[in-house]
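Coordinate-derived values only; no laboratory data. Bear in mind the structure is a predicted one, so any value in this text is a computation, not a measurement. As a convention, Cβ positions derive from the backbone with ideal geometry for all residues, glycine included, and neighbour counts pool all protein chains shown.
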Amino acid sequence: MSSKAKKIFLLLTIVVPFLAYCVIYYTPMFRNAPFKSTEFESIDFSWGLGNNLENTYNSKTGDYQYVDGKDSVIKTNVKLRPNDMLYLHSKAAEIGFWNFPEIIANQGTNLDSSKVLRYVIQFNYKKKSKKVVYLTDYVEIPKLKGLAEQMKTLVSQSINDAEERYGKKK
């Protein structure tokens, strides 16, 4: 057999079936993906001590309320740009946000009486939403804690950057 014939044989017996398998196996997964970027609508983000989540942001309305360093409640309107939203969606997919448990807290933590700083991140889509409550004292799975911190920081930073942009325009 010539070298060219060996390459053709190899291509037809290994590469083509592998590519066909990938297309057949993965196409339904991508088509039925639960959190599609085309269906992404908004983010709700809130944080505070215990059940008192006095800091809130809603990307759909742009309503942003937070307590500053002087204990004053600041209410403003900050809209994320479409590319900011797409960035957050893609980072959430990269980090694995969709696989996070609904509550990231230490075993036995009473959510109603806990006075620990908590963050609530909710991604809203046309057909469903993904909500995660993250308590900052979580220590059971360090990798999960790191990923939750990273997600919280990304959302917070995007909101702060948008607020800076809006502040400079005025």
Using only Cα atoms, locate the centre of the range 80-103 and the centre of the range 104-137, then give the distance between them in Å, rounded to an integer. 15
Three-way shape label, the range 40-127, alpha-carbon gyration tensor, a/c 1.5: oblate
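Between D71 and L144, how high is the FRET efficiency from 1/(1 + (r/R0)^6) when r is the Cβ-Cβ distance and R₀ = 22 Å? Nearest 0.05.
Given R0 = 22 Å and the Cβ-Cβ separation, E is 0.10.
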Antiparallel DSSP bridges in the chain: what percent, to the nearest 5? 95
How far is it, in nm, from the label point at K36 to the one at T13 when both lie 7 Å from their Cα along the line to the Cβ? 4.0
Could you work out how much longer the chain between K115 and Y21 gets when fully extended? Use 0.36 nm per residue separation minus the Cα distance between them, nm to one decimal. 28.7 nm
Among S3, S158, N99 - extreme Cα towards positive end, dipole of the chain, charges at beta-carbon: S3
Quick check on the chain: helices-only [θ] at 222 nm, where DSSP H runs of length 4 and up contribute -39,500 (n - 2.57) each and the sum goes over total residues. Nearest 500, please. -13000 deg cm²/dmol
Specify the angular offset, from 0 to 90 degrees and rounded to the nearest 10, of the alpha carbon long axis of helix 16-31 from the longest principal axis of the alpha carbons in the chain. 30
Rounded to the nearest 10, the angle in degrees between the Cα long axis of helix 82-95 and the longest principal axis of the Cα atoms of the chain comes to 70
